[in-house]
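Reviewing the structure listed below.
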Amino acid sequence: MMKSMIMQNGVTFKELEKNIYAWVCQIGRRFTKEFLERYDRMLMESRDKKKYRNKGMRQTTVKTVYGEVTYQRTVYEVTEEDGTRHFVYLLDETLELTNVGLISTNMAQLLVKGITELSYRECAAKVSEMTGQTISAMGVWNVIQALGEKICEEEKELTEDYKKGHLKGEKEVPVLFEEADGVYIKLQGKDRKKAGQDKAEMKIGIAYDGWRKTGPNRYALEDKVVVAGFSKAKDFHEYREAAIGTMFNLDEVSQRILNADGASWIRKVKDKSTCFQLDPFHRNKAVKEKIHHPKACQDILELLQAEKIDGVFRYLELYRNSLCEEGEIQDVEDLIRYYENNREGLLPYQSQGLELPENPEGLEYRNMGTMENHVWSVLAKRMKHGHRSWSRRGGNHLAKILAKKCSGKLYEVTERLRRPVFEEEKVEELYGEILTSAKAPKKDGKGYEYPTIGHMVGLDGKIQGERKRLLYMAGY
């Protein structure tokens with residue numbers, strides 16, 4: 001019946017849904033405008049009148065998930081003790097709109113979630129399609145840069161607290177597993193010229209306290225901490241330690257184990273007491289790239305698997321001496337040098353004679369080597385492919401948001417925006433005032449079952465055409 005009624009009147013359900021959604025969004029905007037202006041008046045009446053001098057009203061607009069809300073708020077002149085004067089908006093300070101511009105918290109969270117999977121243009125299109133708000137790709141970019149800047153500021157503060165010894169995580173674990181790697185990201189114009197190269201290395205670090213079984217032959221890293229960014233080795237190490245120290249009490253960790261590819265910057269940040277293991281993926285990849293004869297390649301991999309490290313070096317020496325081509329000889333010497341520099345890590349940590357404490361209940365200690373998968377899932381999937389290139393600033397900000405997501409802490413990106421800004425009693429009071437002030441319906445018995453500001457917005461203006469048909473169908 002509904003289908004036939006819609007078709008007879010020339011309106012599809014899709015159109016009906018879109019129109020109703022637009023009306024609901026308009027009601028939400030009107031309600032929000034009324035609420036903010038009333039709250040601003042409450043702030044004006046309760047302010048310190050000697051400090052805040054009323055200088056009239058100013059208009060502004062905030063982007064919400066149901067569209068742009070334009071409202072008036074009071075501007076105040078403040079005179080400091082030294083005689084300097086400046087102007088403030090008490091309502092804007094209450095809303096903390098300066099954090100990311102005139103964007104609501106819910107809107108910011110939608111953009112952050114979207115940008116971890118989609119390009120800026122795709123994210124803008126998807127958010128505009130799913131909400132009552134229209135936002136451009138540049139608008140999304142501006143929000144992400146503002147949030148990324150906040151994350152960087154918080155990282156600096158966290159690092160300073162760590163240096164001063166003020167950080168001590170609550171979780172106490174006997175063993176801490178760590179992995180580190182780098183991935184090269186394409187740079188854009190100015191940064192490419194400044195660096196004198198097309199790419200720059202993005203550093204990634206992960207820490208966790210073991211593996212928890214989640215299903216048949218399925219395991220998940222426990223309490224994972226992920227950090228990433230364009231940083232110098234020293235700065236990266238300091239923040240990595242600070243991030244780990246926020247989660248774990250490092251004073252109670254009896255053994256730290258690091259899995260990495262042996263890059264020079266990783267060796268510099270490795271603590272002397274940390275057990276080092278050369279990442280199995282990179283260890284085996286080096287053999288496949290440098291040894292050109294399949295039989296020799298297979299023999300070396302088997303020796304590594306059997307943990308016969310001295311045998312590996314003897315085999316490599318004999319193999320090198322059997323070659324006559326300069327290029328092949330150079331490749332073997334590069335492999336020997338790589339293995340010599342990381343000789344201590346050629347054995348897996350389980351075979352290095354460590355006396356590991358008993359693993360906590362519910363956790364297992366398994367083979368390390370998840371870094372390559374994390375490089376893909378954290379950064380490469382979003383930043384490396386599809387001919388994408390980045391400025392150092394923009395790429396760094398997005399990398400830090402992606403690291404938060406991989407840590408299961410994406411909410412922290414907008415956490416500052418999540419704290420309560422309105423007093424609960426005042427909110428309830430304003431809700432009551434707004435709803436009470438709504439006008440009575442024009443027809444008896446046709447009251448509204450949702451909050452409106454005086455009337456249904458969809459009834460504004462001349463009732464004709466499609467609007468007339470929809471209202472007729474709704475019983476008006």
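The values are calculated or read from the model by the stated rules, or taken from the named source; none is laboratory data. Quick caveat: nothing in here was measured; it's all calculated off a predicted structure. Positions of Cβ are generated from backbone atoms using ideal geometry, with glycine treated the same way; all protein chains shown enter the neighbour counts. Remember, those area values only see protein heavy atoms, side chains included, never the ligands or the DNA or RNA. Shrake-Rupley method; radii C 1.70, N 1.55, O 1.52, S 1.80 Å.
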(message) So for the stretch 155-237, averaging the separation of alpha carbon pairs under 8 Å that are six or more residues apart and normalising by length, what relative contact order in percent results?
(response) 24
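May I ask which of K168/K224; K194/K405; K171/K234 have a Cα-Cα span longer than 21 Å here?
K194/K405; K171/K234
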(message) Less than 14 Å Cβ to Cβ from K213, Lys/Arg counted +1 and Asp/Glu -1: what total charge do the surrounding residues give?
(response) 0
(request) State, to one decimal in nm, how far the label point of K186 lies from the label point of S322, with both points 7 Å from Cα in the Cβ direction. (result) 4.2
(request) Give me the distance in nm between label points sitting 7 Å out from Cα along the Cα-to-Cβ direction at D235 and F13, one decimal. (result) 5.6
(request) Could you sort 362-370, 103-111 so that the peptide with the highest average Cβ count within 10 Å comes first and the rest follow in order? (result) 103-111, 362-370
(message) Give the aspartates and glutamates reachable from K126 as a straight Cα distance under 16 Å; neighbours fewer than 8 places away on the same chain don't count.
(response) E117
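Using a 1.4 Å probe on the protein chains only, how many percent of the accessible area of the stretch 126-202 belongs to carbon and sulfur? Write down the numbers at each step before the final one.
Values: 2050 of 4320 Å².
Roughly 47 percent of what the probe reaches on the stretch 126-202 is carbon or sulfur.
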(request) Would you tally the net charge around D334, using a Cβ to Cβ cut-off of less than 12 Å, leaving D334 out, and scoring K and R as +1, D and E as -1? (result) -2
(request) Place the peptides 33-43, 142-152 in order of packing, highest mean first, counting for every residue the other Cβ atoms within 10 Å and averaging per peptide. (result) 142-152, 33-43
(request) For E361 and N106, calculate 0.36 nm times their separation in residues minus their Cα-Cα distance, and state this gained length in nm to one decimal. (result) 87.9 nm
(message) If I take R0 = 22 Å and measure r between the Cβ atoms of H292 and K199 in this structure, what FRET efficiency does the formula 1/(1 + (r/R0)^6) give, to the nearest 0.05?
(response) 0.25
(request) Could you state the accessible area per residue of the stretch 213-257 in Å², with a 1.4 Å probe and every protein chain left in place? (result) 48
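What ranking do 291-299, 112-120, 124-132 get when scored by the average of other Cβ atoms within 10 Å per residue, highest first? Write out the running numbers ahead of the final one.
Numbers: 291-299: 14.4, 112-120: 19.0, 124-132: 16.4.
Final packing ranking: 112-120, 124-132, 291-299.
Could you tally the net charge around R53, taking each other residue with its Cβ under 12 Å from the Cβ of R53, Lys/Arg +1 and Asp/Glu -1?
+4
Round to a whole number: what % of the accessible area of the stretch 321-371 belongs to carbon and sulfur, probe 1.4 Å? Intermediate results must be reported in sequence, preceding the final value.
Numbers: 1240 of 3080 Å².
C and S atoms contribute 40 percent here.
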